[in-house]
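In what follows, a structure is listed as structure tokens, so that the remarks can point back to it.
The values are calculated or read from the model by the stated rules, or taken from the named source; none is laboratory data. Since the structure is predicted, the reported quantities are computational estimates derived from the model, not experimental observations. Using ideal geometry, Cβ is built from the backbone for each residue, glycine included, and neighbour counts are taken over all protein chains shown. When the accessible area is computed, the model is the full protein with side chains, heavy atoms only, and any ligands, DNA or RNA have been set aside. Shrake-Rupley method; radii C 1.70, N 1.55, O 1.52, S 1.80 Å.
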Amino acid sequence: MRSTIGVLLAVLITPLAQAELIDEINDRGELRIVVQADNKPYAFKENDRLTGFQVEFGQDLARELDLRAEFIEAPAADVLPGVESGKYDVALTAEQAQTAANGTLDVSQPYGEKQLVIPFQKDNPAFQSALNNALQRLKDSGRTAQLEQKWFKAIQTAEPAPAALAPTPAH
């Protein structure tokens, strides 16, 4: 009888023990975003300040979720394990985001021209829905395209252009 009650309690308490990620994040009031700070133009240090596409995008994403953005820098090897363990809520890293879809993490809908995804802890449907809705709002408002233009197109146009040919004087 005791073991039956113990099993029943364990079954009832287990779903409660694993709270939905969105509830934990809302209680904290901030979205913990892990980035690799040596990955220009995605995230990098400029005058000892973290900047780049993913930093501005992460700030906008957190704002869409009514949260503050907290950025944590981590080496590539720690990014996805940190998200899986709950140390970070999401990862904004271009290289690792695609490998996150291998099954240990869930990912957002793709966003932007580069079709990036945002990995987060598995089995959090309410967070996934909130995240995807925020991504859609950023796309619909044009903000995603603005940031891509700023950070990716600017890099392409920063390369030296061929010198324009001077008009030849008429004889």
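Take Ser85 and decide whether it is more than 12 Å from the chain's Cα centre (by Cα), open to solvent by 30 Å² or more (accessible area, probe 1.4 Å) and modelled with pLDDT of 95 or more. So Ser85 fails the test.
The rows are residues; the columns are (1) crowded, with 17+ Cβ neighbours inside 10 Å; (2) modelled with pLDDT under 95; (3) of a type in the set (Lys, Arg).
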{"residue": "Asp23", "(1), (2), (3)": "no, yes, no"}
{"residue": "Glu30", "(1), (2), (3)": "no, no, no"}
{"residue": "Ile33", "(1), (2), (3)": "yes, no, no"}
{"residue": "Val55", "(1), (2), (3)": "yes, no, no"}
{"residue": "Gln59", "(1), (2), (3)": "no, no, no"}
{"residue": "Leu67", "(1), (2), (3)": "yes, no, no"}
{"residue": "Ala77", "(1), (2), (3)": "no, yes, no"}
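Checked against the criterion of being among the polar types (S, T, N, Q), surrounded by fewer than 16 Cβ atoms within 10 Å (Cβ to Cβ) and modelled with pLDDT under 95, the stretch 114-135 contains one or more residues that satisfy it.
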